[in-house]
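Okay, so here's the structure we're looking at.
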Amino acid sequence: MLFHVRMDVRIPHDLPSDAAAEIIAREKAYAQELQRSGKWRHIWRIAGQYANYSVFDVKDNAELHEVLSGLPLFKFMDIEVTPLLRHPSAIREDDS
Ligand SMILES: O=C(O)CC1=CCC(=O)O1
């Protein structure tokens, strides 16, 4: 199943910068591993915001929840999920 996900990152201003940097480094490694696995299909920075639009390809809602709740930045994020399905007018064969 495909899901469009918006993540807004809100790291508290009083979090020490070395702690923030460590979490961000773990977030990057986690995200890149999921991209290599094919579960995290796209990640795009939203221009001018500490936020991204992503597309996940996972088995079901439960797997999406597991993936998202495992994000090192999870507790500092607002996350909005939109389930996707193939549009009847789509012509790309690999978009389903
Ligand atoms: O910077 C972000 O948008 C948050 C994030 C998600 C995966 C990642 O590496 O950073």
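Numerical summary
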{"quantity": "Spatial extent of the stretch 11-96: Rg and Dmax, with the Cα atoms as the point set, Å", "calculated": "14.9, 49"}
{"quantity": "Exposed trypsin sites (Lys or Arg not before Pro) absent: longest stretch of the chain, with sites in DSSP loops and at most 13 other Cβ within 10 Å deemed exposed", "calculated": "11-58"}
{"quantity": "Length-normalised contact order for the chain - Cα pairs under 8 Å, 6+ apart - percent", "calculated": "47 percent"}
{"quantity": "Whole-Hz couplings from phi, Karplus 6.51/-1.76/1.60, listed for the stretch 21-29; x for Gly and Pro", "calculated": "5, 5, 5, 5, 5, 5, 4, 5, 4"}
{"quantity": "Cα lying deepest toward the dipole's positive end in the chain, options Leu15, Ile46, Leu71, charges on Cβ", "calculated": "Ile46"}
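No value in this document is a laboratory result; all are computed from the given coordinates. As the structure is a prediction and not an experimental result, all values here were calculated from the model. Positions of Cβ are generated from backbone atoms using ideal geometry, with glycine treated the same way; all protein chains shown enter the neighbour counts.
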